[in-house]
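Heads up: the structure comes next, in structure tokens.
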Amino acid sequence: MPKIKTNRGAAKRFKKTGTGKFVRARAFKSHILTKKSPKRTRRLRQGTVADPTNVRALNRMLPYL
């Protein structure tokens, strides 16, 4: 059985936690920040857990993470 290649784009965007969940960065933090409240921009800095519907696809893309 050959080795499975890791999807490098996904590897740069997701990290696996100790419990096996995937952590991702939040969207809408790159530009147009003046109209967003400081509370909102602070919250956007923190990571969040990926949705359970995407976990199966992530496990395929990142087999050795």
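Brief remarks follow.
- Take Met61: with every protein chain present and a 1.4 Å probe, its accessible area is about 60 Å².
- Accessible surface ranking that places the most exposed of Leu44, Leu62, Leu33 first, with a 1.4 angstrom probe: Leu33, Leu44, Leu62
- Using θ = phi - 60° in the Karplus curve 6.51 cos²θ - 1.76 cosθ + 1.60, the 3J(HN,Hα) couplings for the stretch 55-61 round to 5, 4, 5, 5, 4, 6, 6 Hz; x is entered for Gly and Pro.
- Probe 1.4 Å - accessible area at Val23, Å² to nearest ten: 50
- Under the Karplus curve 6.51 cos²θ - 1.76 cosθ + 1.60, θ = phi - 60°, whole-Hz ³J(HN,Hα) for the stretch 13-25, x wherever Gly or Pro sits: 9, 10, 10, 9, 7, x, 8, x, 8, 9, 10, 9, 7
- Surface per residue (accessible, 1.4 Å probe) for the chain, Å²: 88
- Label selected from [x] 3, 15, 23, 18, 14, 12, 7, 4, 1, 1, 0; [y] 4, 19, 21, 18, 13, 10, 8, 5, 3, 1; [z] 3, 17, 23, 22, 16, 12, 6, 1, the criterion being P(r) over Cα pairs in 5 Å bins from 0, in percent as computed here: [x]
- Ranking Pro52, Phe28, Pro63 by Cα position along the charge dipole of the stretch 21-65, where only Lys, Arg, Asp and Glu carry charges on their C-beta atoms, puts Phe28 farthest toward the positive end.
- Carbon/sulfur fraction of accessible area - the chain, other protein chains in place, 1.4 Å, %: 55
- Distances between placed amide hydrogens fall under 5 Å for Lys15 paired with Val23, all partners being 5 or more residues away or on another chain.
- Once both labels are positioned 7 Å from their Cα atoms along Cα-to-Cβ, the gap between Ile32 and Gln46 label points is 2.4 nm.
The values are calculated or read from the model by the stated rules, or taken from the named source; none is laboratory data. Small disclaimer: the values here were computed from a predicted structure and weren't measured. Quick reminder, even Gly has a Cβ in these numbers, built from the backbone with ideal geometry, and neighbours come from all protein chains shown. For accessibility, only protein heavy atoms count, side chains too; no ligands or nucleic acids. Shrake-Rupley method; radii C 1.70, N 1.55, O 1.52, S 1.80 Å.
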